[in-house]
1. Pick from 81, 115: which is among the charged types (D, E, K, R) and either within 16 Å of ligand 1 (Cβ to nearest atom) or out of contact with any helix residue (DSSP H, G or I) (no Cβ under 7 Å at 6 or more places or on another chain) (or both)?
2. Just to check your reading of the model, which residue among 151, 111 is on the phi < 0 side of the Ramachandran plot, assigned to a helix (DSSP H, G or I) and not acidic (Asp, Glu)?
3. For residues in segment 86-117 being of a type in the set (S, T, N, Q) and closer than 17 Å to residue 49 by Cβ, which is surrounded by the fewest Cβ atoms within 10 Å (Cβ to Cβ)?
4. Can you pull out every residue in segment 113-142 that is farther than 24 Å from residue 78 by Cβ and of a type in the set (Lys, Arg)?
5. Could you run through segment 164-176 and say how many residues are surrounded by 13 or more Cβ atoms within 10 Å (Cβ to Cβ), assigned to a loop (DSSP other than H, G, I, E, B) and either within 16 Å of ligand 1 (Cβ to nearest atom) or free of Cβ contacts under 8 Å to residues at least 24 places away in the same chain (or both)?
6. Cβ-Cβ distance below 6 Å, separation of 6 or more or different chains: which pairs start in segment 135-151 with a residue that is under 16 Å from residue 161 (Cα atoms) and end on one that is among the hydrophobic types (A, V, I, L, M, F, W, C) and surrounded by 11 or more Cβ atoms within 10 Å (Cβ to Cβ)?
Amino acid sequence: MNKPKHIAIIMDGNGRWAQKRNLKRVKGHEMGAEVVRSITEFCAASEEINRLTLYAFSTENWKRPRLEVEFLMKLLDKYLKKELPTYLKNNIKFEPIGDLRAFSPNLQKTIEHVKEATKHCDGLVQSLALNYGAKNEIVRAFNALKDKKNITEEMLSNALDCKEDVDILIRTGGDKRLSNFLLWQAAYAELFFIDTLWPDFSIKELEKIISKFKKIERRFGGLK
Ligand code: IPE
Ligand code: IPE
Ligand code: MG
């Protein structure tokens with residue numbers, strides 16, 4: 001049976017969730033943050049899952065209205081500060097991916113603090129994708145390797161922010177696209193596109209996806 005070692009999620013649909021309730025889009029982001037906590041705790045409690053990568057802010061999301069971007073930055077800062085005890089209690093290591101240099105010095109400090117404070121944790125790795133774009137990640141990896149000759153797949157993989165292949169890739173919110181998320185690491189991921197909006201996503205739904213995943217015949221190009 002397949003093991004769901006690395007789960008990656010495109011957490012989409014926050015804005016629509018709020019708009020459906022006549023609320024401001026940012027309320028959806030607030031509710032979305034609650035779901036991040038419960039899904040992370042579920043994954044931390046699972047013996048099989050060792051990495052959870054969550055798409056929180058893309059390199060393209062800067063195009064949004066300034067107020068929404070500012071709200072997301074504040075929410076991230078608040079979330080990390082508030083959740084540090086949750087990381088420690090559940091033995092979760094926080095490992096951000098993406099180009100963090102674009103964030104304010106204060107937010108970078110918070111990110112670095114939580115990363116440092118949890119680096120000894122050896123349960124689940126929760127990786128938040130922040131100012132992340134797969135194309136940006138691959139270009140940065142190429143630049144880091146520019147003086148090397150005969151670059152191999154392994155060398156490129158090790159130069160990426162996220163070095164682990166994805167087993168299950170989920171996108172909530174009804175769209176069937178990757179939006180520049182983990183293009184390299186998802187080469188053989190099993191893809192699950194679901195209509196549920198992220199603030200409505202539940203542990204029950206994740207359990208259903210995992211049990212479907214376990215029954216899939218993964219061939220990786222070979223024959224069974
Ligand atoms: C995903 O929800 C969260 C981020 C991109 C930060 P959206 O904000 O994209 O919500 P929809 O897709 O507009 O409903
Ligand atoms: C993808 O959602 C990015 C995150 C969930 C952080 P978007 O809402 O930004 O993606 P598009 O614009 O619909 O492709
Ligand atoms: Mg969206």
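1. Just a single option satisfies the conditions, and that option is 115.
2. 111
3. Checked segment 86-117; the qualifying residue surrounded by the fewest Cβ atoms within 10 Å (Cβ to Cβ) is 91.
4. Matches in segment 113-142: 135, 140.
5. Count: 4.
6. What qualifies is 137/160; 141/156; 141/159; 141/160; 144/159; 145/151; 145/159.
One line per residue, one yes/no per condition, for (1) among the basic types (Lys, Arg); (2) away from ligand 3 (no atom under 16 Å from the Cβ); (3) more than 25 Å from residue 136 (Cα to Cα):
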{"site": "11", "(1), (2), (3)": "no, no, no"}
{"site": "28", "(1), (2), (3)": "no, no, yes"}
{"site": "41", "(1), (2), (3)": "no, yes, yes"}
{"site": "58", "(1), (2), (3)": "no, no, no"}
{"site": "80", "(1), (2), (3)": "no, yes, no"}
{"site": "83", "(1), (2), (3)": "no, yes, yes"}
{"site": "87", "(1), (2), (3)": "no, yes, yes"}
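One line per residue, one yes/no per condition, for (1) acidic (Asp, Glu); (2) within 16 Å of ligand 2 (Cβ to nearest atom); (3) over 16 Å from the mean Cα position of the chain (by Cα):
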residue: 132; (1), (2), (3): no, yes, no
residue: 139; (1), (2), (3): no, no, yes
residue: 147; (1), (2), (3): yes, no, yes
residue: 156; (1), (2), (3): no, no, yes
residue: 167; (1), (2), (3): yes, no, no
residue: 178; (1), (2), (3): no, yes, no
residue: 200; (1), (2), (3): yes, yes, yes
residue: 208; (1), (2), (3): no, no, yes
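The values are calculated or read from the model by the stated rules, or taken from the named source; none is laboratory data. Note that the coordinates shown come from a computational prediction; the quantities given were computed from them, not determined experimentally. Neighbour counts are summed over all protein chains in view; Cβ atoms, including those assigned to glycine, are modelled from backbone coordinates with ideal geometry.
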